[in-house]
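*Asks:* After the structure tokens below, expect a handful of questions from me.
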Amino acid sequence: NRLRENENMDIQAAVASRTDEPLWAETCMNWLLIKDGKSLTACFDHVEIGFDDKKWHFQRLKQKTGIDYEHMVFFDNEMRNIRSVRELNVKCVYTPDGMTKEAWHEALEQFNMDLPTLE
């Protein structure tokens, strides 16, 4: 992922997606290509796609990564998902119009961090 380009940053990126069609969603992520020819799946360190509440996705991510919830941030466009994941003490940013630079900066502020921005 682009966050790995800066060797001073130890940031992992993950997808947590709730859908009625997990296999179809995984197939789409593998078929969608970005400019350099990588699949969308290859842009992330971890992918959690399933039928269940996103809270369970984060529990699995914690098990896989060993990262504590308070060191995670979650961006989502549905308030029900924000409410659910926030119960785990994950920092959450509501993004009703999708991911934006402003949302990224809001997350940095929650961590009191001054990291390079993604342009």
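*Asks:* Where the second residue is among the hydroxyl-bearing types (Ser, Thr, Tyr) and outside any helix (DSSP H, G or I) and the first is in contact (Cβ under 8 Å) with a residue 12 or more places away in the chain and surrounded by 12 or more Cβ atoms within 10 Å (Cβ to Cβ) and lies in the range 60-78, which pairs have Cβ atoms under 8 Å and are six or more apart or on separate chains?
*Replies:* The qualifying pairs are Phe75/Thr95; Asp76/Tyr94; Asp76/Thr95; Asn77/Tyr94; Asn77/Thr95.
*Asks:* Oh, and also: Return only the number of the condition from (1) of a type outside the set (Phe, Trp, Tyr); (2) within 25 Å of Met72 (Cα to Cα); (3) more than 13 Å from the chain's Cα centre (by Cα) that Leu23 does not satisfy.
*Replies:* That leaves (2) as the condition not met.
*Asks:* When residues of the range 4-53 are filtered for being at pLDDT 90 or above, among the acidic types (Asp, Glu) and loosely packed, with under 14 Cβ neighbours inside 10 Å, how many remain?
*Replies:* 3
*Asks:* Then there is this: Just name the residue that is surrounded by the most Cβ atoms within 10 Å (Cβ to Cβ) out of those in the range 92-106 that are of a type outside the set (Val, Ile, Thr) and in contact with a Phe, Trp or Tyr (Cβ under 7 Å, 6 or more places away or on another chain).
*Replies:* Cys92
The values are calculated or read from the model by the stated rules, or taken from the named source; none is laboratory data. Please read all numbers here as calculations on a predicted model, not as lab measurements. All Cβ positions, even for glycine, are placed from backbone atoms using ideal geometry, and neighbour counts span all protein chains on display.
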